[in-house]
Amino acid sequence: MEDDKEIFSDMIVNGTITPDEEMYSRSCLIETIPDPCAIVIIGASGDLTSRKILPALFNLYLCGAMSDPFIIVGCGRTVLTDQEFRIKMKEAVSSKEFFNLSRWDSFSSNLKYMQIEYDDLSSFMSVADFLKNPSEGNTVKWNYIFYFAIPPSLYKSAAQMLGRAGLALEAGNWSRIVVEKPFGRDLDTAIDLDRTLHEYFKEPQIFRIDHYLAKETVQNILMFRFANSIFEPLWDRRYIDHISIIAGESLGVEHRAGYYEQAGVLRDMFQNHMMQLLAMTAMEPPSLFQADRILDEKAKVYRALRPFPIDNLEKYIVLGQYSRGLINGKEVHAYREEPRVDPQSLTPTFAMMKIFLDNWRWQGVPFFLTSGKRLAKKSTEITIQFKEVPHSMFRRIIGDGISANRLKLGISPEEKVTLTFQTKTPGTEVCLRSVTMDFHYRQGYKGPFLEAYEKVLLDCMLGDHMLFWRQDGVELCWSFLTPIINKCETCNNRLEMLKPYNAGTWGPNSALQKEIGFDGRYDMI
């Protein structure tokens, strides 16, 4: 924590934070320092490690949140020396402009690299020997985190090799594995993956990561709902007309074309991120703010999903694929023109789905879930559209058209809450106008932030499952989505269902979206 104190002390000297704010900020940023930990990154020579994992670990170190001592062991197929691995990671961290590299050398002294093959037991035995036999002068008995930064097709093999090497056993220490989504590609493969992981690892040892859950503004949904008495009484079918959840990207498939061709938008976004945002928006209040209680309430939401009418898809889902268009004034390729994409591909890059929850709170309220690539802008946002006033006393003066109230929870990149309501326009005439109250999430906070990957890595070290998937939730979501995906991929009119949309727009034209009952406008986001 000494390093953490130095960071905050600098902020006090510079006048950016007061002593009182320093105490409050530090206590909110880091509650507990983890036990001595060896973080083993399986697939450390890949893109995920350099883009996300290593910068996140370095920032945790700068914030004083890493255990003392710690070691980071990179494992991959590429042949690298320790020094070459450190140089490569420094280049990755240097690309992040906000990092202070003056402490890189002290951090990087804890980095080691080992070349392995993912299906070779002897490789994993070498890792086990290194972890279990401390070097001269180092008598630490490590706890283990094994982060799978590898393609999902290798999860089963890597988990089995770790187990056979004795690295899943907990004998006076703890051992945990971290797997990234997707957790399978349908219900059967998700169950099969889980069965393999449980051959050697128990459920408390398994952390199924979804970085969306670690976004501060996603966590803030629960605080907004359950720590403020003015909103929760309105949060049901009596006052809400519909809810729209969008996770839009302006990027195309980039380097993920090989994966995306096999997945499509439904597997890539809906089984995980969209279902998590739905659960956070629709769940009942848990009795305590504890991981199991919250995961129980999320599972109740998934159990309440109304079976999708797969024989009447056109009334409940819109699928699209981006064609050429303009992003920030620059022309971009169509999806079928992207490298490693089939020129005749029928893979959807956009989906809007209308779903219902069959429970007391939400009966009859449609939820519109939307995600897509090459949309007008990057935006993740939840819109709660309230019902119109039941009776207008102003109808003889201004007519019947009074815009309903709207609450927006901005998740990314705009982290804010906005409430739109009606007020009188100044003047002698009776005219109404919509005005908006804004709250920006970082407003009034001057301390450092932990980004999504930093938060999930810290929670892995602390053993906190609150921001991770539990297997029952995974299976419930796949149970809902698998029939939809199968129908979309095998129906006779698959080509007709896949509507083109120009890159830089909000997806297939609004008339198609209105066919499933959506009358909002994403261009107002």
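Numbers for the structure displayed
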| item | result |
| --- | --- |
| Unique match (being hydrophobic (A, V, I, L, M, F, W, C), out of contact with any Leu (no Cβ under 6 Å at 6 or more places or on another chain) and farther than 30 Å from GLN219 by Cβ) among LEU326, LEU278 | LEU326 |
| Residue pairs meeting the criteria (Cβ under 7 Å; at least 6 apart or on separate chains; first more than 18 Å from ILE53 (Cβ to Cβ) and charged (D, E, K, R), in the range 440-464; second modelled with pLDDT of 75 or more and outside any helix (DSSP H, G or I)) | ARG442/GLU415 |
| PRO151 vs. criteria closer than 26 Å to SER45 by Cβ and surrounded by fewer than 16 Cβ atoms within 10 Å (Cβ to Cβ) | yes |
| Candidate set from the range 63-86 (those that are buried (at least 22 other Cβ atoms within 10 Å of the Cβ) and at pLDDT below 90); member that is farthest from VAL456 (Cα to Cα) | CYS63 |
| Residue satisfying condition, being crowded, with 20+ Cβ neighbours inside 10 Å, of a type in the set (S, T, N, Q), out of contact with any Ser or Thr (no Cβ under 8 Å at 6 or more places or on another chain) and modelled with pLDDT under 90, within set ASN100, ASN59 | ASN59 |
| Number of the exception - ALA334 against (1) crowded, with 17+ Cβ neighbours inside 10 Å; (2) free of Cβ contacts under 8 Å to residues at least 40 places away in the same chain; (3) among the small types (Gly, Ala, Ser) | (2) |
| Filtered residues of the range 289-306 (kept if over 19 Å from PRO233 (Cα atoms) and hydrophobic (A, V, I, L, M, F, W, C)) | PHE289, ALA291, ILE294, LEU295, ALA299, ALA304, LEU305 |
| Residue match in the range 233-241 (condition: part of a loop (DSSP other than H, G, I, E, B) and farther than 28 Å from TRP506 by Cβ) | yes |
| Scope the range 165-197; condition basic (Lys, Arg) and under 15 Å from PHE207 (Cβ atoms); matching residues | ARG176, LYS181 |
| Matching residues in the range 46-89 - criterion: being over 25 Å from the mean Cα position of the chain (by Cα) and in a helix (DSSP H, G or I) | ASP82, GLN83, GLU84, PHE85, ARG86, ILE87, LYS88 |
| Count - residues of the range 456-513 that are among the polar types (S, T, N, Q), surrounded by 15 or more Cβ atoms within 10 Å (Cβ to Cβ), in a helix (DSSP H, G or I) and modelled with pLDDT of 90 or more | 3 |
| Tally, over the range 348-375, of residues that are charged (D, E, K, R) and closer than 15 Å to HIS273 by Cβ | 1 |
| Test result for THR189, assigned to a helix (DSSP H, G or I), out of contact with any strand residue (DSSP E or B) (no Cβ under 7 Å at 6 or more places or on another chain), hydroxyl-bearing (Ser, Thr, Tyr) and within 21 Å of VAL40 (Cα to Cα) | no |
| Test: GLU170 is in a loop (DSSP other than H, G, I, E, B), surrounded by fewer than 21 Cβ atoms within 10 Å (Cβ to Cβ) and without any contact (Cβ under 8 Å) to a residue 40 or more places away in the chain | yes |
| Looking only at the range 90-108, and only at residues there that are in a helix (DSSP H, G or I) and touching a Phe, Trp or Tyr at 6+ places or on another chain (Cβ under 8 Å), the one that is farthest from GLY64 (Cα to Cα) | LYS90 |
| Residue satisfying condition, being buried (at least 18 other Cβ atoms within 10 Å of the Cβ), of a type in the set (Ser, Thr, Tyr) and closer than 17 Å to LYS455 by Cα, within set TYR212, TYR200 | TYR212 |
| From SER229, SER244, residue being in a strand (DSSP E or B) and polar (S, T, N, Q) | SER244 |
| Pair list, Cβ under 7 Å, 6 or more apart: the range 248-269 residue in contact (Cβ under 8 Å) with a residue 12 or more places away in the chain and within 16 Å of PRO339 (Cα to Cα), other residue among the polar types (S, T, N, Q) and part of a loop (DSSP other than H, G, I, E, B) | TYR260/THR347; GLU261/SER345; GLU261/THR347; GLY264/THR347 |
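The values are calculated or read from the model by the stated rules, or taken from the named source; none is laboratory data. What you see is a predicted model, and the numbers here were worked out from it, not measured in a lab. Cβ sites come from the backbone with ideal geometry, for glycine too, and all protein chains shown count toward neighbours.
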